[in-house]
Amino acid sequence: MIEMVQGVVLRSEECNEFDKRLTLYTKEFGKFKAKLVGVKKSASKLRGLTLPFVECRFQIYLHGTPRAGVRDPGRVVTGEILKEFPFLQDHWEKVVDAYKVCEILEMLTQPFYPNLKEYELFISTLSHLAETQFPTLVRCRFTLLLLKILGYSLGHHPVWRAYSSDEKELFKKLRAWDSKAELLSKDEICRIEYLTENYLSLYLSKPLKTEIFQKKISLSGV
């Protein structure tokens, strides 16, 4: 069946000489995989649909039922770019945090379980990342809000009671933050990141690939 969906590429993989397999997060169907045939050919006009951090409208052919698409990916027929976040790709830290956001969303969600709140949070986070001077805080807030939508609210977890009053106050500041004002010091931002990543790790089956890559870059001194 042919479906029109609105979404963003979470991950793009080499499929063969000319094709790519995309992991999409869409408003209508949530997360699923779809192949884009011939996109690596020089004459292809659909390369823009494989770019990260770009909201697109895709025409998708799903093989059989949506559930079957988990094992048998759909196929992108055509599409168009709806919205770009150009400032994201001009800043290394923003690019890394945007990839982390995509990977977190991919790892925490199940195929073909759409959630409008998740989608709106994802799109607004990409927009805030493009505009902010504090991408780490945007990513941390996205992580905590996504976990809350999924039913894993930090405030209802036993770990919250183990935090000091100062640490709880940091999270309250993050919740009230408008993505632009400089309300937190560098040390406070590092502490929020540390606590958020520790809490996120409780729900991940393996470390984020972007974090592993980031550590390798740091160790290499690049």
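So the values come out like this:
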read-out	value
Test result for residue 193, of a type in the set (Asp, Glu), closer than 18 Å to residue 166 by Cα and part of a helix (DSSP H, G or I)	yes
Condition check for residue 100: within 21 Å of residue 177 (Cβ to Cβ) and surrounded by fewer than 19 Cβ atoms within 10 Å (Cβ to Cβ)	no
Single match in 137, 88 (criterion: assigned to a helix (DSSP H, G or I), among the hydrophobic types (A, V, I, L, M, F, W, C) and at pLDDT 95 or above)	137
Residue pairs meeting the criteria (Cβ under 9 Å; at least 6 apart or on separate chains; first closer than 20 Å to residue 86 by Cα, in region 102-123; second small (Gly, Ala, Ser) and part of a strand (DSSP E or B))	119/7; 119/30
Lone unmet requirement of (1) farther than 18 Å from residue 100 by Cβ; (2) in a helix (DSSP H, G or I) for residue 178	(2)
Filter result for residue 74 (touching a Lys or Arg at 6+ places or on another chain (Cβ under 9 Å) and either closer than 30 Å to residue 203 by Cα or modelled with pLDDT of 90 or more (or both))	yes
Residues (touching a Gly at 6+ places or on another chain (Cβ under 6 Å) and either on the phi > 0 side of the Ramachandran plot or part of a strand (DSSP E or B) (or both)) located in region 8-42	24, 25, 26, 32, 34
Options 150, 146, 129, 174; residue that is surrounded by 13 or more Cβ atoms within 10 Å (Cβ to Cβ), free of Cβ contacts under 8 Å to residues at least 40 places away in the same chain and closer than 26 Å to residue 25 by Cβ	174
Of residues in region 108-133 being outside any helix (DSSP H, G or I) and out of contact with any Leu (no Cβ under 9 Å at 6 or more places or on another chain), the one farthest from residue 148 (Cα to Cα)	133
From 179, 165, residue being modelled with pLDDT under 95, surrounded by fewer than 20 Cβ atoms within 10 Å (Cβ to Cβ) and polar (S, T, N, Q)	179
Selection within region 177-215 - aliphatic (A, V, I, L, M) and touching a helix residue (DSSP H, G or I) at 6+ places or on another chain (Cβ under 9 Å)	183, 184, 189, 192, 195, 200, 202, 204, 208
Residue selected from region 193-209 under the condition farther than 19 Å from residue 138 by Cβ and either of a type in the set (A, V, I, L, M) or not assigned by TED's automatic domain parsing to the domain that holds residue 162 (or both), by the criterion surrounded by the fewest Cβ atoms within 10 Å (Cβ to Cβ)	202
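Every residue, every condition in (1) out of contact with any Ser or Thr (no Cβ under 8 Å at 6 or more places or on another chain); (2) farther than 23 Å from residue 148 by Cα; (3) touching a residue at least 40 places away in the same chain (Cβ under 8 Å); (4) acidic (Asp, Glu), yes or no:
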{"site": "7", "(1), (2), (3), (4)": "no, no, yes, no"}
{"site": "18", "(1), (2), (3), (4)": "yes, yes, no, no"}
{"site": "60", "(1), (2), (3), (4)": "yes, yes, yes, no"}
{"site": "73", "(1), (2), (3), (4)": "yes, yes, yes, no"}
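The values are calculated or read from the model by the stated rules, or taken from the named source; none is laboratory data. Everything numeric here is computed off the predicted structure, so don't read it as measured data. Cβ coordinates were reconstructed from backbone atoms using ideal geometry, including for glycine residues, and neighbour counts include every protein chain displayed.
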